[in-house]
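**Q** Okay, here's the structure, questions in a sec.
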Ligand SMILES: Nc1nc2c(ncn2[C@@H]2O[C@H](COP(=O)(O)OP(=O)(O)OP(=O)(O)O)[C@@H](O)[C@H]2O)c(=O)[nH]1
């Protein structure tokens, strides 16, 4: 009897198992299983216009019944080799080129002064000529007067023998340019966050180019840099900046044309913090349509960035060839943002190096960098002694 119950129990289990197996194969249309006996059956859904939400694993379109391809048949994607990342020039050799370029472009200023002061007799007409040279080179009225007064006194007292006139002039020009100003760029991490540099200035002064060149300088110093293309006014400016970045392997955070510059700046700084970058360089738009508009825009960019970390440097880019126009721009920007340093571009194409003195006086902030050409490595730290030596066409003293 016991055997009979056992046989019945085994029979029930077997029947149940077979029924379960048949049911599972039937559901296989909606829940694919691995079928080793042949290719899976492709069943078109009864209604493709169904309102139901797609579920995980659903196809976006009805799969096509394409023949199986082998590795040989498949079109493999072509992988383009990344463009080689350039190695920027070192600071030391930039300075050598700076001196050569300045010596070429600024000769009317330095050598003109030297020639006049080396005359056997320095009369009133000569002093007037000296004044004219300084004013023409955009040194500005007050600094010109100061320099001429000091030169008059020293030349009278110390005599005007050939060599000493050069030394006197050199010393006085260096004093005028002021070697005591702190020209260091504040681009280091602080409190575990990157340094943030806002680059401001009127369009066309060389802002975007300067950001690109500065990225190269920093990369040459082994810093991790992130660029922020907050000049959303001109689409090409964003492209231009991204290209500068790509050349040295630096990422650029960008927004669509016409988007809010402050939000791009915010995202760039956020990315810099997340990526633990050393410095974030933000290019801004500088439309001078009116002071209030500019103040609103730059003020907002700065405020929004500073929700995350303080701005460590605000660099004002000025075109050395624009003379008094550049001074007006400096004044306006100086009132709108706390400029911490000046970048004087296109010094290679101007004989008006005197603007270094004038703009420093006007804003009370130092020229920190100078642009000496359109090339990637044509940006150099501003060094008063090297600058004056270049003006005078001298070897390093
Ligand atoms: N010779 C010379 N040209 C420079 C220098 N810096 C910039 N430039 C050129 O000046 C022109 C304007 O530079 P951009 O960087 O586009 O000026 P921007 O201020 O960013 O102007 P937007 O992009 O319109 O905002 C470009 O042709 C640069 O190559 C420099 O130091 N020397």
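Condition check ((1) surrounded by 20 or more Cβ atoms within 10 Å (Cβ to Cβ); (2) within 16 Å of the ligand (Cβ to nearest atom)) across all residues:
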residue: 207; (1), (2): yes, yes
residue: 272; (1), (2): yes, no
residue: 276; (1), (2): no, no
residue: 283; (1), (2): yes, yes
residue: 293; (1), (2): no, yes
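**Q** On to the next question. Taking the stretch 350-389 as the region of interest, how many residues are farther than 22 Å from residue 327 by Cβ and free of Cβ contacts under 8 Å to residues at least 24 places away in the same chain?
**A** Of the residues in the stretch 350-389, 1 are farther than 22 Å from residue 327 by Cβ and free of Cβ contacts under 8 Å to residues at least 24 places away in the same chain.
**Q** Here is a further query. Only residues that are crowded, with 16+ Cβ neighbours inside 10 Å and either part of a helix (DSSP H, G or I) or touching a residue at least 40 places away in the same chain (Cβ under 8 Å) (or both): list them for the stretch 118-128, please. Let's see the steps before the verdict.
**A** Within the stretch 118-128, the first condition is being crowded, with 16+ Cβ neighbours inside 10 Å, and the residues that meet it are 122, 127.
Within the stretch 118-128, 127 is the sole residue that qualifies.
**Q** Can residue 282 be described as under 15 Å from the mean Cα position of the chain (by Cα), assigned to a loop (DSSP other than H, G, I, E, B) and in contact (Cβ under 8 Å) with a residue 40 or more places away in the chain? So that I can check it myself, show each step before the final result.
**A** Numbers: under 15 Å from the mean Cα position of the chain (by Cα): yes; assigned to a loop (DSSP other than H, G, I, E, B): no; in contact (Cβ under 8 Å) with a residue 40 or more places away in the chain: yes.
No, not satisfied.
**Q** Oh, and also: Criterion first (more than 21 Å from the chain's Cα centre (by Cα) and either assigned by TED's automatic domain parsing to the domain that holds residue 199 or within 16 Å of the ligand (Cβ to nearest atom) (or both)) does residue 353 satisfy it? Steps first, please.
**A** Values: more than 21 Å from the chain's Cα centre (by Cα): yes; either assigned by TED's automatic domain parsing to the domain that holds residue 199 or within 16 Å of the ligand (Cβ to nearest atom) (or both): yes.
So residue 353 passes the test.
One line per residue, one yes/no per condition, for (1) more than 14 Å from residue 371 (Cα to Cα); (2) assigned to a strand (DSSP E or B):
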| position | (1), (2) |
| --- | --- |
| 294 | yes, no |
| 298 | yes, no |
| 308 | yes, no |
| 315 | no, yes |
| 321 | no, no |
| 333 | yes, no |
| 338 | yes, no |
| 352 | no, no |
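**Q** Taking the options 157, 211, 196, 165, name whichever one is touching a strand residue (DSSP E or B) at 6+ places or on another chain (Cβ under 9 Å) and either at pLDDT below 95 or within 16 Å of the ligand (Cβ to nearest atom) (or both). Before you say what the answer is, go through the steps one by one.
**A** Numbers: 157 fails: touching a strand residue (DSSP E or B) at 6+ places or on another chain (Cβ under 9 Å); 196 fails: either at pLDDT below 95 or within 16 Å of the ligand (Cβ to nearest atom) (or both); 165 fails: touching a strand residue (DSSP E or B) at 6+ places or on another chain (Cβ under 9 Å).
Within the list 157, 211, 196, 165, the selection yields 211.
**Q** For the stretch 105-117, check the following and say yes or no: at least one residue is loosely packed, with under 12 Cβ neighbours inside 10 Å, touching a helix residue (DSSP H, G or I) at 6+ places or on another chain (Cβ under 9 Å) and either in the same structural domain as residue 320 (by TED's automatic domain parsing) or farther than 17 Å from residue 390 by Cα (or both).
**A** No; the residues of the stretch 105-117 include none that is loosely packed, with under 12 Cβ neighbours inside 10 Å, touching a helix residue (DSSP H, G or I) at 6+ places or on another chain (Cβ under 9 Å) and either in the same structural domain as residue 320 (by TED's automatic domain parsing) or farther than 17 Å from residue 390 by Cα (or both).
**Q** Specify which of the listed residues (257, 246, 297, 239) is within 12 Å of the ligand (Cβ to nearest atom) and either within 23 Å of residue 205 (Cα to Cα) or without any contact (Cβ under 8 Å) to a residue 24 or more places away in the chain (or both). It would help to see each step written out before you state the result.
**A** Values: 257 fails: within 12 Å of the ligand (Cβ to nearest atom); 246 fails: within 12 Å of the ligand (Cβ to nearest atom); 297 fails: within 12 Å of the ligand (Cβ to nearest atom).
Answer to the check: 239.
**Q** Looking only at the stretch 222-236, count every residue that is more than 13 Å from the ligand (Cβ to nearest atom) and either in contact (Cβ under 8 Å) with a residue 12 or more places away in the chain or buried (at least 23 other Cβ atoms within 10 Å of the Cβ) (or both) and tell me the total. First the steps, then the outcome.
**A** To start, the set of residues in the stretch 222-236 that are more than 13 Å from the ligand (Cβ to nearest atom) comprises 222-226, 228.
Those still in the list that are either in contact (Cβ under 8 Å) with a residue 12 or more places away in the chain or buried (at least 23 other Cβ atoms within 10 Å of the Cβ) (or both) too: 223-226, 228.
Going through the stretch 222-236 one residue at a time, the tally reaches 5.
**Q** How many of the residues in the stretch 306-324 are closer than 26 Å to residue 360 by Cβ, surrounded by 16 or more Cβ atoms within 10 Å (Cβ to Cβ) and touching a strand residue (DSSP E or B) at 6+ places or on another chain (Cβ under 9 Å)?
**A** Qualifying residue count, the stretch 306-324: 11.
**Q** Between a residue in the stretch 185-202 that is free of Cβ contacts under 8 Å to residues at least 60 places away in the same chain and outside the structural domain of residue 283 (by TED's automatic domain parsing) and any residue that is in a strand (DSSP E or B) and surrounded by fewer than 19 Cβ atoms within 10 Å (Cβ to Cβ), which pairs come within a Cβ distance under 6 Å, given they are 6 or more apart or on different chains?
**A** Cβ pairs passing all conditions: none.
The values are calculated or read from the model by the stated rules, or taken from the named source; none is laboratory data. Just so it is clear, the model here is predicted, and its values are computed rather than measured. Ideal geometry is used to build each Cβ from the backbone, glycine not excepted, and the neighbour counts take in all protein chains shown.
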